[in-house]
Amino acid sequence: GFCGIQNISKSRTKMMWIEIGAILVIWLSVWALIPRDEWWFRGADFPRLQILAVGLFALIALLFWDAEWNLNREILLVALIAAVAYQLKMVLPYTPIWKKQVLQVAADQLNPEQQISLLVSNVLTPNDRYELLLAHIDRLQPDLVLTLESDQKWQQALSRIESDYPYRVAVPLDNLYGMHLYSRLPLIDFEIKFILSDEIPSIHATLKLRSGVHVQLYCLHPKPPSPTEAKDSTLRDAELLMVGDHIKDLNESCIVMGDLNDVAWSRTTRLFQRISGLLDPRVGRYYINTFNANYRLLRWSLDHVFHSTDFALVDMQRLSHIGSDHFPVYVVLQTDRIFEQQQEELEKTAEDEQEAQEAIQEGIEKAEREEKLS
């Protein structure tokens, strides 16, 4: 009677929600494939883990829900399987089931003279919990500390580490794009560059390891595509690819680090790796989801450390909350020619080169237009 009708109604409502979840996952998966730079397209690159979680739940529910099978349900199931498979393809490389892109340095190979330890932290300009980051620096004693979004107040708060870090590059800004580099290792030279915008600095430096090896260092923090920042990813993509295009012609040890405002699995980041020849130590290991530190279920990897093939991994970890919306990242690398012989760059095609050059040119033209308008 009435109870039976009520149960049928509840069942249909639940089925409707399952179908809505499935359609959302399918739509977002297709949306992310559209090769457009506007933030409302590129935004679908970020929450792939969350999309995958919803997709797996909807897939299980769709398979086992006790309701009538019809053509619409079968079509939805096939499309959802394809969408889930696509999301898995994007995120599985950052799990232990994948082949490691970067070797782990064995215990009998460890050589502190050839190592470099890095701490990268987007501190969030208004954040005043300076002591939390200082505690990490005191405990880990990294060779390099890179802070992003750091202003004059942060520079003052970090002044107490200056005696331990005699080599420094300071770019204090109030526009959320300030950065500071502190180094125990000698900086042979450095340059503060504003690649495509006079608001967005980057630090390019040459440092010397204890063994005497020179390393080219690139510290980046381009604008993200978002409704409150850049309306599209054109300048962000171009800046990253310009650095990658420069690195490809170098026969030197290289490290690129910073908050790239892009996820590891995005089209641009993967293209950057193929163009530059740099490796990602997260591949075959685990995610380092650094943003958003305040929301456990809404996190993805925005802070990165890429390196040339002569480096292998000693240690990599996400550090605890410092009051920012980003977690800091700590990475220890070791260089050796034996690693260069054992590790391979990602395969690059002529199409990759063409795509990169087109993106770079588009970014340069956009920057010139914006400069004329300002």
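The values are calculated or read from the model by the stated rules, or taken from the named source; none is laboratory data. The structure displayed is predicted, hence computed values, not measured ones. Reconstructed Cβ throughout: ideal geometry from the backbone, glycine too, with neighbour counts over all protein chains shown. Just so you know, the surface numbers come from the protein's heavy atoms only, side chains and all, with ligands and any DNA or RNA stripped out. Shrake-Rupley method; radii C 1.70, N 1.55, O 1.52, S 1.80 Å.
Couple of notes before you dig in:
- Segment Glu362..Ile34, full-extension length gain: 116.3 nm, with 0.36 nm per residue of separation and the alpha-carbon distance subtracted.
- Acute angle (nearest 10 degrees) that the helix 48-64 long axis makes with the longest principal axis of the chain, alpha-carbon atoms: 20
- Using alpha-carbon coordinates, inclination of helix 71-91 to the longest axis of the chain, degrees: 10
- What a 1.4 Å probe finds exposed on the range 67-161 is 59% carbon and sulfur by accessible area, rounded to a whole percent.
- Note on the range 133-217: dipole from Cβ charges, positive end direction compared against Val169, His214, Val145; the farthest Cα belongs to His214.
- Residues of the range 14-52 with an amide N closer than 12 Å to a point placed 7 Å from the Cα of Thr95 along the Cα-to-Cβ direction: 49, 52.
- Here Arg139 and His214 are evaluated by their C-beta separation; at R0 = 25 Å the FRET efficiency comes out at 0.30.
- Qualifying trypsin sites (Lys or Arg not before Pro) for the range 118-197 [loop in DSSP, other Cβ within 10 Å: at most 13]: none
- Angle between the chain longest axis and helix 234-247 axis [Cα atoms, degrees, rounded to 10]: 50
- Local net charge near Leu209, Cβ-Cβ under 9 Å (Lys/Arg +1, Asp/Glu -1): 0
- Compared with the direct C-alpha span, the chain from Arg270 to Arg296 gains 6.8 nm at full extension, assuming 0.36 nm per residue.
- Under a 5 Å amide H cut-off, with hydrogens placed 1.01 Å from N, Trp98 pairs with Gly284 among residues at least 5 apart or on other chains.
- Taking a ≥ b ≥ c as the square roots of the eigenvalues of the Cα gyration tensor, an a/c ratio of 1.5 or more together with a/b no larger than b/c marks the range 90-139 as oblate.
- With θ taken as phi - 60° and the Karplus curve 6.51 cos²θ - 1.76 cosθ + 1.60 applied, the whole-hertz 3J(HN,Hα) list for the range 96-108 is x, 6, 8, 5, 5, 7, 10, 5, 8, 5, 6, 4, 7 Hz, x standing for glycine and proline.
- Highest-fluctuation residue, Val78, Val263, Val171 considered, GNM on the chain with Cα pairs under 10 Å: Val78
- Note on the range 163-303: the alpha carbon radius of gyration divided by the globular reference 2.2 N^0.38 Å gives 1.08.
- Amide H partners (placed H, <5 Å) of Tyr167, local residues excluded: Ser183
- Each Lys and Arg contributes +1 and each Asp and Glu -1, all at the Cβ; summed about the Cα centre of the range 243-374, the dipole is approximately 760 debye.
- Only one residue of Gly277, Leu241, Ser266 has its Cα farthest out toward the positive end of the dipole of the range 235-277, where Lys and Arg carry +1 and Asp and Glu -1 on Cβ, and that residue is Ser266.
- Label-point gap, in nm, between Leu110 and His246 - each point 7 angstrom along Cα→Cβ: 3.5
- For the range 53-162, Kirkwood radius (reciprocal of mean inverse C-alpha pair distance, Å): 19.3
- Value of relative contact order over the range 224-289, rounded to a whole percent, pairs C-alpha under 8 Å and six or more apart: 33
- Lysine pairs with alpha-carbon atoms under 24 Å apart, the range 92-244, spacing 8 or more or separate chains: 6
- In order along the range 144-159, phi translates into HN-Hα couplings of 10, 10, 10, 10, 10, 6, 8, 10, 5, 5, 5, 4, 5, 5, 8, 4 Hz, rounded to whole numbers, per the Karplus curve 6.51 cos²θ - 1.76 cosθ + 1.60 with θ = phi - 60° and x for Gly and Pro.
- Relative contact order [Cα under 8 Å, 6+ residues apart], the chain, whole percent: 18
- Helical runs assigned H by DSSP (4 residues or longer) give the chain a calculated mean residue ellipticity at 222 nm of -12500 deg cm²/dmol, each run adding -39500 (n - 2.57) before division by the residue total.
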